[in-house]
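The values are calculated or read from the model by the stated rules, or taken from the named source; none is laboratory data. From a predicted model like this one, the values you see are computed outputs, not experimental measurements. As a convention, Cβ positions derive from the backbone with ideal geometry for all residues, glycine included, and neighbour counts pool all protein chains shown.
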Amino acid sequence: MSTRPLTTIGFDADDTLWQNEHYYRLTEEHFIRLLADFADGATISERLLEAEKRNLAHYGFGIKGFTLSMIETAIEITEGKVPSKVIAKILDTGRDLLSHPVETLPHVRDTLEALAGKYLLVLITKGDLFDQERKLAQSGLGDFFDAVEIVSDKTAVTYRRIFSKVGDGPERAMMVGNSLKSDIVPAIAAGSYGVFVPHKLTWVLERVEEPKEAPRFRKIDHLGELHGLIDSLG
Ligand SMILES: [Mg+2]
C-alpha cells in the first residue's frame, strides 16, 4: 500500500466529463412544444419537475425515468386527454436522448491522460446503465479509468465503499464533479476531498450550498486546473 496522501481520484461523468444537461433541456423544450395547446411552458416545466421528484425513488436517475415522468405530466396536464400520437412523440424524444452525441468537455482528455497511471482513476456516475456505458464507450475515455461504478445514488456510504474497494480508503481519495449535492457534499462527508467544477447547466435538484467551511472542499473553473490543484496538496 502506498503512503501518499492522495492515491485515488473519482470523476463524475455527466457535465463533468461530457455534456448532458444540455440535451435534457432540449428534450424538455420539445416536450413543452408538444403540449403547447394545453398549458404554458412554465407550468409544464414545473409539473414535470414535480413528477421527476416524485419518481426518483421509484425509477432512479436517468432517461427512462425522465421519459416516464414526461408521460405522467402529459396525462396530468391534459386531464387524461393526451392523444396517443403525442405519447408516441414523447417516447421518441426520450429515445433520441439515448442516442445524443457524446461531446467531451474542454481539458478532460489531457487531464485524464496526465493523471492516469499516477493515481487510481474511477468513474462514478448515476443514470441508466446502458446509457452511461454507451457514453463512456463513445467518449473514448474508458481506457483512462481503473474502475467504473454506475450507481443508483451517490451518498457518503457510496463513496466510502467505492474508495475502500478501488483505492486506499476515502481519506486518500478525491471526488471531482459538477454536482454539489451528489459529488461534493457526500464525498467530503465520507472523508475525501471534494473538488467542485461548476457547469453552467446543472439540474435544479443537484443544487445545494457550497460547503465553504469544509477543509477538504475545493473549487476550480475547469478540469484543466485539476492537476495544479492536486500538486498543491503535496
Ligand atoms: Mg454530473
| task | State which residue is surrounded by the fewest Cβ atoms within 10 Å (Cβ to Cβ) when the search covers only the stretch 39-67 and only residues that are at pLDDT 95 or above and not in a helix (DSSP H, G or I). | result | ASP40
| message | Looking at the stretch 216-234 only, could you name the residues that are in contact with a helix residue (DSSP H, G or I) (Cβ under 7 Å, 6 or more places away or on another chain) and among the aliphatic types (A, V, I, L, M)? | response | ILE220, LEU223, LEU226
| query | How about the stretch 1-35: which of its residues are part of a loop (DSSP other than H, G, I, E, B), in contact with a strand residue (DSSP E or B) (Cβ under 8 Å, 6 or more places away or on another chain) and more than 15 Å from the ligand (Cβ to nearest atom)? | reply | LEU6, THR7
| query | Identify, please: which residue in the stretch 155-176 is touching a strand residue (DSSP E or B) at 6+ places or on another chain (Cβ under 7 Å) and not in a helix (DSSP H, G or I) and is, among those, nearest to TYR23 (Cα to Cα)? | reply | VAL176
| For the stretch 68-141, which helices (runs of 4 or more DSSP H) that fit wholly inside it have 2 or more residues that are farther than 18 Å from GLY10 by Cα? | 84-97, 129-139
| remark: Of (1) away from the ligand (no atom under 16 Å from the Cβ); (2) among the polar types (S, T, N, Q); (3) surrounded by 17 or more Cβ atoms within 10 Å (Cβ to Cβ); (4) within 27 Å of LEU26 (Cα to Cα), THR125 fails just (1)
| task | Tell me which residues, restricted to the stretch 163-183, are more than 16 Å from the ligand (Cβ to nearest atom) and buried (at least 24 other Cβ atoms within 10 Å of the Cβ). | result | PHE163, GLY167, PRO170, ALA173
| GLU149, sole failed condition from (1) assigned to a strand (DSSP E or B); (2) away from the ligand (no atom under 15 Å from the Cβ); (3) surrounded by fewer than 23 Cβ atoms within 10 Å (Cβ to Cβ) | (2)
